[in-house]
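Taking it in order: structure first as structure tokens, then the write-up.
Values quoted throughout were computed directly from the atomic coordinates according to the rules given, and no laboratory measurement underlies them. Since the model is a prediction, treat every value here as computed from it, not as a measurement. Here Cβ is always computed from backbone atoms with ideal geometry, including for glycine, and neighbour counts include all displayed protein chains.
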Amino acid sequence: MTLASQIEAYLTRVTGGPVKVSGVARISGGASRETYRFDAQTPDGVRGYILRRDPPDSLIETDRSAEFLAIASFAGKDVAAPRALWLETRGAELERPFFIMGRVDGGAAASPFQPDPYGPHADAIGARFFEVMGRIAAEPLRDLPLLQVMDAPAPEDCWRRELDYWEGVIDADEAHPQPIVRAAIRRLRHAPPPPPKRVGVVHGDLRSGNFLHDGAGRILAVLDWEMAHLGDPLEDLAWATDPLWSRPDDPRVSGMIAFEEGVRVWEKASGLAFDPEAFAWWSLFASVKAQAIWISSAKAWSEGGAEPVLLFSGWFTARAQDLILAARLKALGPL
């Protein structure tokens with residue numbers, strides 16, 4: 001049975017049919033889901049959809065319910081979230097857990113290998129990017145669908161919960177000693193950040209390459225919500241501005257706008273004041289979290305993982321992240 005026929009059988013059942021599926025195609029990239037595009041014809045016409053299905057192996061272990069509900073939490077709000085449509089945690093006709101969302105056509109994701117990914121529209125894209133990040137942080141938690149599967153931590157516990165989790169990933173997956181990231185973890189535990197003024201939704205992977213843009217200054221869709229959780233909004237700001245996502249010869253954040261300008265936009269959209277002390281902690285944490293992901297990637301590849309992204313991330317990207325961690329520790333100086 002082909003994937004197209006499986007999708008067709010599922011949609012026919014849940015919508016009452018008849019449904020005809022065509023154009024099923026794998027979308028490359030992605031760390032935690034198999035992603036496919038397809039069209040579905042119903043009596044109401046043809047529409048485009050995206051399928052996100054759990055793979056046999058994954059760079060990141062995440063909860064597909066949380067990803068789906070995070071997207072649903074921002075439906076109709078000014079953050080360019082796709083339409084979350086159907087969720088199946090047991091696999092149903094598709095055998096593995098999945099969800100389906102509406103497809104946003106006419107956009108592209110920036111390539112990390114492009115020297116100037118946004119061209120003359122970099123300022124507009126950058127301003128919108130930091131505005132979207134701020135709007136996610138500003139969203140009140142009350143009645144959000146995401147609260148069906150997670151609780152908000154106390155402000156003073158945000159840092160510890162995230163650091164405990166990602167250190168646990170390193171403990172479980174490292175194949176050899178990791179002295180640089182371990183030194184960073186000791187530093188983070190020794191000097192915790194001040195608590196946030198407000199706990200909010202953290203996208204968890206908001207960065208260049210994880211949104212679609214139209215090539216003319218507009219962001220059409222924010223993607224990859226699989227690491228969404230509740231916590232300190234500065235976590236997203238630190239992750240989005242990690243040096244790994246930017247070219248070393250370009251002072252702008254991911255080829256968009258200067259960091260200081262991005263922070264001003266974020267402050268206005270979020271209603272929060274930028275805290276340099278807390279941001280310094282979350283910036284070091286961002287590199288620890290990233291290194292945990294690359295360590296898991298290396299393990300998955302060594303155990304027979306088939307996705308090329310596992311090999312690339314587990315070796316090349318991990319080395320680059322070590323250099324970033326070492327530079328950050330050196331800049332922070334002794335405690």
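Per DSSP H run of at least 4 residues, take -39500 (n - 2.57); add these up for the chain, divide by its residues and hand me the 222 nm value, nearest 500 deg cm²/dmol.
-13000 deg cm²/dmol
How far apart, in nanometres, would the label points at residue 154 and residue 42 be if each is projected 7 angstrom from Cα along the Cα-to-Cβ direction?
4.7
Taking 30 Å as R0, compute the FRET efficiency from the Cβ-Cβ separation of residue 249 and residue 332 and round it to 0.05.
On the way: r = 24 Å, r/R0 = 0.81.
According to the calculation, E is roughly 0.80.
Kirkwood hydrodynamic radius for the chain: how many Å is it when counted over pairs of different Cα atoms?
20.8
Stretched out fully, how many nm does the piece from residue 323 to residue 114 gain, at 0.36 nm a residue minus the Cα gap?
Difference between extended and current length: 73.1 nm.
Multiply the residue gap between residue 27 and residue 96 by 0.36 nm, knock off their C-alpha separation, and tell me the result in nm, one decimal place.
Stretched fully, the residue 27-residue 96 segment lengthens by 23.1 nm.
Can you tell me which of 17-28, 126-137 comes out highest on packing, and rank the rest after it, using the mean Cβ neighbours within 10 Å?
Highest to lowest by the protection proxy: 126-137, 17-28.
Where does helix 259-270 land angle-wise versus the long Cα axis of the chain, in degrees 0 to 90, nearest 10?
Helix 259-270 sits roughly 60 degrees off the main axis of the chain.
Sort 289, 299 so that the residue with the fewest other Cβ atoms within 10 Å of its own Cβ comes first and the one with the most comes last. All intermediate terms of the calculation are to be shown ahead of the outcome.
Details: 289 26, 299 19.
So the residues, fewest neighbours to most, are 299, 289.
Neighbouring Cβ atoms within 10 Å as the yardstick, rank 121, 213 fewest first.
Numbers: 121 16, 213 24.
In order of increasing Cβ crowding within 10 Å: 121, 213.
About its Cα centre, how strong a charge dipole does segment 3-102 have in debye, to the nearest 20, once Lys and Arg get +1 and Asp and Glu get -1 at the Cβ?
200
FRET efficiency for residue 311 and residue 182, Cβ-Cβ distance as r, R0 = 30 Å, nearest 0.05?
0.80
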